[in-house]
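Down below is the structure, laid out as structure tokens.
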Amino acid sequence: NAGVTQTPKFQVLKTGQSMTLQCAQDMNHNSMYWYRQDPGMGLRLIYYSASEGTTDKGEVPNGYNVSRLNKREFSLRLESAAPSQTSVYFCASSEYGQSVAYNEQYFGPGTRLTVT
Amino acid sequence: GNSVTQMEGPVTLSEEAFLTINCTYTATGYPSLFWYVQYPGEGLQLLLKATKADDKGSNKGFEATYRKETTSFHLEKGSVQVSDSAVYFCAFGGTSYGKLTFGQGTILTVHP
């Protein structure tokens with residue numbers, strides 16, 4: 001049981017390049033999330049997917065797109081990278097349900113992205 | 001709107017000292033409350049949680065009590081260890097698709 005996995009662990013891009021961050025979970029969770037972590041800012045939600053086939057914008061969606069490929073996988077794409085997107089990106093999943101007790105999220109190890 | 005305010009860090013303590021990290025929230029309804037911990041180079045791990053008022057979450061010697069009257073969820077540990085050095089995040093979640101709102105994080109460093 002690997003939990004939440006992310007690839008790659010590190011990436012350096014030049015301004016204007018594109019890339020896709022991959023995320024997969026093996027806990028059969030309905031909901032998945034992408035966050036970015038910046039110093040002093042905590043974690044900010046970029047996009048989320050409440051269930052397979054649905055995606056919605058979070059707090060900071062500009063410059064990103066997502067795909068919920070199936071129940072296991074949720075990818076994040078940067079179409080034209082900018083230095084402001086230098087950050088650590090975390091994917092998470094949860095068994096969202098009708099009860100607030102299902103809010104617990106499980107996190108991947110993160111992708112450290114640098115855009116020059 | 002919904003928000004979480006955490007005690008600003010960094011916090012530096014000697015081993016066996018008492019730890020408090022303050023957390024207050026602003027939210028509608030009665031959210032679930034969480035403390036997550038992030039060790040260097042790793043993702044976030046759930047440390048403890050509380051789902052209703054007056055609940056006490058506890059794990060690894062850490063405790064936090066859900067105080068509805070003061071909208072707070074302060075993290076405490078009676079005797080910290082060097083291995084507790086990490087970043088601690090307070091968070092709350094309502095029923096909106098399982099989304100969580102995080103505080104900005106508090107860096108804790110424990111010296112021998």
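Within the stretch B:31-47, restricting attention to residues that are touching a Gly at 6+ places or on another chain (Cβ under 9 Å) and farther than 14 Å from A:GLN105 by Cβ, the residue that is nearest to the other protein chains (Cβ to nearest Cβ) is B:GLU42.
Of the set (1) buried (at least 19 other Cβ atoms within 10 Å of the Cβ); (2) within 13 Å of A:SER87 (Cα to Cα), all apply to A:ALA24 but (2).
Of the strands (runs of 3 or more DSSP E) that lie entirely inside the stretch B:40-112, those containing 1 or more residues that are within 13 Å of the chain's Cα centre (by Cα) and among the β-branched types (Val, Ile, Thr) span B:62-65, B:86-93, B:100-102, B:106-111. Of the residues making up the stretch A:55-73, just one is open to solvent by less than 50 Å² (accessible area, probe 1.4 Å) and either within 12 Å of chain B (Cβ to nearest Cβ) or closer than 18 Å to A:GLU104 by Cα (or both), namely A:GLY58. In summary, strands (runs of 3 or more DSSP E) completely within the stretch A:22-111 and bearing 1 or more residues that are β-branched (Val, Ile, Thr) and under 11 Å from the mean Cα position of the chain (by Cα) occur at A:42-49, A:64-68, A:87-94.
When the stretch B:18-39 is filtered for residues that are over 11 Å from B:TYR88 (Cα atoms), outside any strand (DSSP E or B) and at pLDDT 95 or above, only B:PHE18 remains. There is no residue in the stretch A:83-95 that is more than 14 Å from chain B (Cβ to nearest Cβ) and modelled with pLDDT under 95.
Determine which member of the set B:SER85, B:SER72, B:SER14, B:SER3 is open to solvent by 50 Å² or more (accessible area, probe 1.4 Å) and not acidic (Asp, Glu).
Being open to solvent by 50 Å² or more (accessible area, probe 1.4 Å) and not acidic (Asp, Glu) holds for just one of B:SER85, B:SER72, B:SER14, B:SER3, which is B:SER14.
The values are calculated or read from the model by the stated rules, or taken from the named source; none is laboratory data. This is a predicted model, so every value here is computed, not measured. Positions of Cβ are backbone-derived with ideal geometry, glycine not excepted, and every protein chain shown enters the neighbour counts. For the accessible areas, the whole protein counts, side chains as well, though only heavy atoms, and no ligand, DNA or RNA atoms are used. Shrake-Rupley method; radii C 1.70, N 1.55, O 1.52, S 1.80 Å.
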